[in-house]
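This report refers to the structure that appears directly beneath it.
The values are calculated or read from the model by the stated rules, or taken from the named source; none is laboratory data. If you're wondering where the values come from, they're calculated on a predicted model, not measured in any experiment. In this analysis, Cβ positions are derived from the backbone assuming ideal geometry, glycine residues included, and neighbour counts consider all displayed protein chains.
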Amino acid sequence: MTTTTTPPAERVEAPARPRRVRSGSVIGSTGLYVATGIAALLFLIPFYLIVRNALMTDPEITGEEWKWFPSEIQWGNFTKPFDDPSVDFARSMWNSAVVGVLHTLGTLLVCSLAGYGLARIPYKHANKVFYAVLGTLMVPTAVTFVPSFVLVSSLGWIDTYRGLIIPGLFSGFTCFLFRQYFLGFPKELEEAARVDGLGYMGAYWRVVVPNSLNFFAAMATITFISGWNSFLWPLVIGQDPSAWTVQVALSNYMTGQTITYHLIFMATAISILPLVFVFLFLQRWLVQGIAQTGIKG
Amino acid sequence: MSTITKDGVSSPAPAKAAPAKPRRGLRGSPSLNFWLFTGPFLIGLAVFVYTPILWSLWLSFFEARFTVTPDKFVGLENYVVMLTDEDFVGSLGTFTVFAAIIVPLTWATSLGLALMVNRLRFMRAFFRSVFFLPTAVSYVAASLIWKMSIFNGVRFGMMNTFLGLFGIDNTAWLASPDPPWYWLVIVTVRLWLQAGFYMILFIAALQNIPQEMYEAAAIDGAKPGWQTFWHITLPQLRATSTAVILLLLVAAYQAFDEFFNLLSKTTWGRPPLIELYYKALGDSQDYGAGSAGALILTVLICLVTLLQGKIMGFGRGEESK
């Protein structure tokens, strides 16, 4: 309803604009840009520090005088984390990649099917099942890490990909979001597919999923980021260094016996790189996903 | 609107669907398909969410040190131990201080950024991306930057270098609880990581405010700026603000990563999850008391969520469906 009334309203507003500019808001506008610019600089400082420290030598980082830029860019630092014998950084990156990708695929598969079932398949107890799912939203997963750890260790899944990935797949929140999305999916498309003789599964895979790729992409982006960045669960499960994810490896650098600054910051930079790519190329879906999850959440 | 189109399109459909019906059989059975779709998820939910909760409920009534299959029933003793445990109760106090600072601060910062970005005419996408970019960084990586570079307690830390320009001596930001400078470090990390995320929510909400409300206000003589912000923008953002505050509160309750990495083994500044981590998975491996603590926290979170839901009318739309 509101969407139909807003476009003409914007047109009405157009003549008002020059008035605002004339009444001395050139200063206001400049002030706005200065304030935004300063805030932006503050927000960028940590990124600058990662790059600065990653490309400097340690004597320069710890030197008497603050240096804004390395006197000579140390490109050779790039391989340092991989050559360090105390932490198997390459292995931890690989573990994070495996866990991040499988976590994302698994979550999307399991939660989207369930969300669709709850939203679209008529079943008399569907509401009761839905409340059982909603109930889990009340209990944050972080708080249940002690009992979950107990369960996973009695399954013998400590230090395994299974232990890192499987317990996190069944997100009530993701299922809930998929349900909300499918409730708004046009019924006509599925009905056409059913008329053509497809069962529920056939209609889901051939019609519903291909027409929902935007939403799937948004959910995938968010799920991957949270999977890559998660720390508490991998810390609890990855007890042997060979099962560390990159976040656990970074955490261990901080408490290490000797601290080599340029190496630690290069490792941090490399650990952030995949997500920066995600941001650069998938930002559209990410923003859409956040707006969607936030409004529902 | 939608009901009209649905009727219009679907009325010819039943006529066509009728001959297809005999072919449906099991494949078209709704209840079978319901379980086919939701089954994998529900089994996982039962095993990995409900089972741990119930198991820990059971464990919490037993003396369970170094074992998860205990046989010594102790009744409510674990709960008594946790609720009288100075560290655990203290951690709830730590959380309260933390939430009281971080929740309003993040709310105000993200709203402020959203208002600024929303008013920009050029480079809006650029600035939005800049503020949003920290969302990509993990708590561990951000803690590392804060601990090793910005708030490094030694002379070459960025903050100490900066304050050195004014002749201020080096400050040990994290290594001492007195004065509690560590709060500055912890709060700024989370603020930097979260503000952009909630800014996106506020921008979306700002763009949903009907423009004619501002026009009507202008006709009534309201000055753009503080007056319209206070009487139009803020009330219109009520629903989003409620959601943001609830999300921030629950997130703060679960704070672990930055406390663990910034303060590591120190005894001060421990929120509930850190306390539980050391209690259940530390040297004592006391699963009974750890489970009791986890359940106490769960109940507290549920109470806060429900209470806020009641006050703000959150989720009412859901129930009416």
Output for the range A:152-162, where each listed residue is more than 7 Å from chain B (Cβ to nearest Cβ) and part of a helix (DSSP H, G or I):
A:VAL152, A:SER153, A:TYR161, A:ARG162
Do the conditions hold for A:PRO70, that is, is it more than 21 Å from A:ALA218 (Cβ to Cβ), assigned by TED's automatic domain parsing to the domain that holds A:ILE166 and either loosely packed, with under 15 Cβ neighbours inside 10 Å or touching a residue at least 12 places away in the same chain (Cβ under 8 Å) (or both)?
no
Go over the candidates A:ASN77, A:ASN127 one by one and state the one that is of a type outside the set (Lys, Arg), touching a His at 6+ places or on another chain (Cβ under 8 Å) and in a helix (DSSP H, G or I).
A:ASN77
Scan the range A:253-285 for residues that are touching a residue at least 12 places away in the same chain (Cβ under 8 Å) and assigned to a loop (DSSP other than H, G, I, E, B) and jot them down.
A:GLY256, A:THR260
Identify the residue in the range B:182-218 that is within 24 Å of the chain's Cα centre (by Cα) and among the aromatic types (Phe, Trp, Tyr) and, among all such residues, is modelled with the highest pLDDT.
B:TRP192
Among (1) closer than 29 Å to B:VAL185 by Cβ; (2) modelled with pLDDT of 90 or more; (3) surrounded by fewer than 19 Cβ atoms within 10 Å (Cβ to Cβ), there is one condition A:TRP94 misses while meeting the rest; what is its number?
(1)
I'd like to know if the range B:273-292 contains one or more residues that are within 9 Å of chain A (Cβ to nearest Cβ) and at positive phi.
no
List the residue pairs whose Cβ atoms are under 7 Å apart, where the first residue sits in the range A:139-151 and is at the interface with another protein chain (Cβ under 7 Å from one of its Cβ atoms), the second is modelled with pLDDT under 75 and outside any helix (DSSP H, G or I), and the two are 6 or more positions apart or on different chains.
A:VAL150/B:VAL68
Can you tell me which residue among A:PRO59, A:PRO147 is assigned by TED's automatic domain parsing to the domain that holds A:ILE222 and either in contact with a helix residue (DSSP H, G or I) (Cβ under 7 Å, 6 or more places away or on another chain) or under 28 Å from A:LEU273 (Cβ atoms) (or both)?
A:PRO147
Looking at A:VAL110, A:VAL87, A:VAL99, can you tell me which residue is within 14 Å of chain B (Cβ to nearest Cβ), surrounded by 17 or more Cβ atoms within 10 Å (Cβ to Cβ) and modelled with pLDDT under 85?
A:VAL87
Which of the residues belonging to the range A:197-217 are part of a helix (DSSP H, G or I) and of a type in the set (A, V, I, L, M)?
A:MET201, A:ALA203, A:VAL207, A:VAL208, A:LEU213, A:ALA217
Failed condition for B:SER149, given (1) over 22 Å from the mean Cα position of the chain (by Cα); (2) surrounded by fewer than 22 Cβ atoms within 10 Å (Cβ to Cβ); (3) under 21 Å from B:VAL187 (Cβ atoms):
(2)
Which ones in the range A:236-247 are within 11 Å of chain B (Cβ to nearest Cβ) and surrounded by fewer than 23 Cβ atoms within 10 Å (Cβ to Cβ)?
A:VAL236, A:GLN239
Residue check, B:PHE132 part of a helix (DSSP H, G or I), in contact with a Pro (Cβ under 9 Å, 6 or more places away or on another chain) and surrounded by 15 or more Cβ atoms within 10 Å (Cβ to Cβ):
no
Any residue at all in the range B:65-80 that's charged (D, E, K, R), assigned to a helix (DSSP H, G or I), at the interface with another protein chain (Cβ under 10 Å from one of its Cβ atoms) and touching a residue at least 12 places away in the same chain (Cβ under 8 Å)?
no
Taking helices (runs of 4 or more DSSP H) that fall entirely within the range B:195-271, which contain at least 3 residues that are among the hydroxyl-bearing types (Ser, Thr, Tyr)?
B:238-253
Subset of the range B:70-84 [surrounded by fewer than 17 Cβ atoms within 10 Å (Cβ to Cβ) and under 27 Å from A:GLY135 (Cβ atoms)]:
B:GLY75, B:LEU76, B:LEU83
